[in-house]
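The values are calculated or read from the model by the stated rules, or taken from the named source; none is laboratory data. Computed from a predicted structure; not experimentally measured. Counting neighbours? That spans all protein chains shown, and the Cβs are built from the backbone with ideal geometry, glycine included. Surface accessibility is based on the protein's heavy atoms, side chains included, excluding ligands, DNA and RNA. Shrake-Rupley method; radii C 1.70, N 1.55, O 1.52, S 1.80 Å.
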Amino acid sequence: MSTNRHPLTGASSAPGAALGTAPDVTSHATSHETSSTASRAAFGWLGEQARLRADAGLVRTLRPRPADSDGLLDLAGNDYLGLTRHPEVVEGAAAAARRWGGGATGSRLVTGSTELHAELERELAGFCGFEAALVFSSGYAANLAAVTALAPHGTLIVSDAGNHASLIDGCRLARGTTQVVPHADPDAVRKTLDAHDGPAVLVSDSVFSVDGDMAPLVASAAACREFGAGLIVDDAHGLGVLGDGGRGAPHAAGLAGADDVVATLTLSKSLGSQGGAVLGPAGVIEHLVNAARTFIFDTGLAPAAAGAALAALRLLRREPERAARAREVAAELHRRLTAEGLSAVRPDAAVVSVRAPSAERAVQWAADCRAAGLAVGCFRPPSVPDGISRLRLTARADLTDAQIAGAVRVISRSAHR
């Protein structure tokens with residue numbers, strides 16, 4: 001039996017070869033067999049997958065959180081600026097729901113576009129320095145839209161090895177051909193583009209969500225321009241943290257507003273709401289309205305989320321120091337953690353990554369932190385591309401110095417249990 005390799009990940013696609021892959025079950029059932037027998041055969045492989053996950057220590061479970069913090073300090077979420085519960089943001093959501101209702105009622109091209117959506121798009125584009133913007137129901141949907149609509153058949157998609165799953169899925173769904181290049185390596189981008197004759201686009205996070213390191217955007221853009229390629233930047237972790245007053249990584253790199261640069265972002269991190277957006281030249285946005293399936297066929301962003309995001313954006317414009325404070329907190333967490341002898345990656349934005357010796361140890365470490373009153377993220381395979389398990393900390397602008405010191409104490413003590 002032959003084994004194929006996935007064009008993006010290199011993972012084996014042989015039947016049942018990897019976790020999450022259904023075995024190639026050939027059914028010899030006849031029409032006379034009972035429906036219950038057929039049902040067991042259809043999903044019988046799930047039990048084996050569950051066993052493999054358990055043996056590998058990779059079982060994931062949902063843990064609903066209470067409405068209040070219950071004394072737990074949260075360094076696991078992505079509320080970088082501490083705006084999710086800000087009174088102005090909460091009122092922005094409530095006022096939008098009162099005026100426009102609980103839902104958008106339909107896709108953006110039918111009934112799902114309100115004056116509020118248009119207002120949010122204008123202010124997002126203006127704040128980040130782009131000509132136009134288009135709001136989606138999630139950052140994931142925004143990334144799928146940008147990559148699939150801007151990489152038709154015949155296009156080479158150059159994808160950084162450290163990209164977020166939403167960009168990877170966009171590459172898989174696009175009709176172009178994808179070539180994965182080593183992480184944060186502009187020379188590899190240049191060599192890959194040089195070997196291709198035709199349209200091309202580079203797809204990259206601005207700040208990578210696992211280690212919190214920043215992409216070499218200036219050098220990458222230069223490589224793209226050398227060969228006439230476009231650049232799609234996912235700025236989910238840059239907006240609100242990097243650039244002048246939090247205007248994002250493309251703005252900081254001097255790329256905002258360029259006719260060959262498109263940025264995607266999420267409203268669920270620094271802006272404390274939910275949803276996503278694509279920013280770029282007006283022609284690109286017009287094309288997405290007509291060609292992006294996750295825009296055309298998806299219900300529009302709920303008015304409450306749009307109202308919350310708009311309120312947060314206006315608050316950030318009024319209080320730009322929040323962005324600098326988030327970076328300061330990240331730097332201080334890194335300084336204190338490394339002083340304790342822990343292996344932490346120097347942050348370029350607001351993500352602080354602390355290496356763990358194994359997936360099992362990372363899970364236990366995170367659990368010990370929670371028991372001590374501190375919520376931290378736990379990243380492990382297959383969520384991390386390099387196979388290294390980590391604790392992932394969020395540096396929030398509203399953290400006090402005492403909270404930073406207390407968090408480091410808990411992490412350090414829990415590491416040695």
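Annotations
- Residue that is nearest to the chain's Cα centre (by Cα) [pool: residues in the range 141-162 that are over 24 Å from Leu301 (Cβ atoms) and not hydrophobic (A, V, I, L, M, F, W, C)]: Gly162
- Count of the range 128-140 residues which are more than 19 Å from the chain's Cα centre (by Cα) and of a type in the set (A, V, I, L, M, F, W, C): 2
- One residue from Cys369, Cys378 being free of Cβ contacts under 8 Å to residues at least 60 places away in the same chain and within 18 Å of the chain's Cα centre (by Cα): Cys378
- Selection status of Ser113, open to solvent by 40 Å² or more (accessible area, probe 1.4 Å), over 22 Å from the mean Cα position of the chain (by Cα) and within 26 Å of Ala292 (Cβ to Cβ): yes
- Only one of Ala339, Ala311 that is more than 16 Å from Gly112 (Cβ to Cβ) and without any contact (Cβ under 8 Å) to a residue 12 or more places away in the chain: Ala339
- Tally of residues being under 16 Å from Leu342 (Cβ atoms) and of a type in the set (A, V, I, L, M) across the range 352-392: 10
- Test for Gly170: is it of a type outside the set (Val, Ile, Thr) and touching a His at 6+ places or on another chain (Cβ under 7 Å): no
- Close pairs (9 angstrom Cβ cut-off, 6 or more residues apart or separate chains): under 14 Å from Phe379 (Cα atoms) in the range 49-63, open to solvent by 60 Å² or more (accessible area, probe 1.4 Å) and among the basic types (Lys, Arg) anywhere: Val59/Arg53; Arg60/Arg53
- Subset of the range 342-374 [of a type in the set (Val, Ile, Thr) and under 23 Å from Lys269 (Cα atoms)]: Val345, Val351, Val352, Val354
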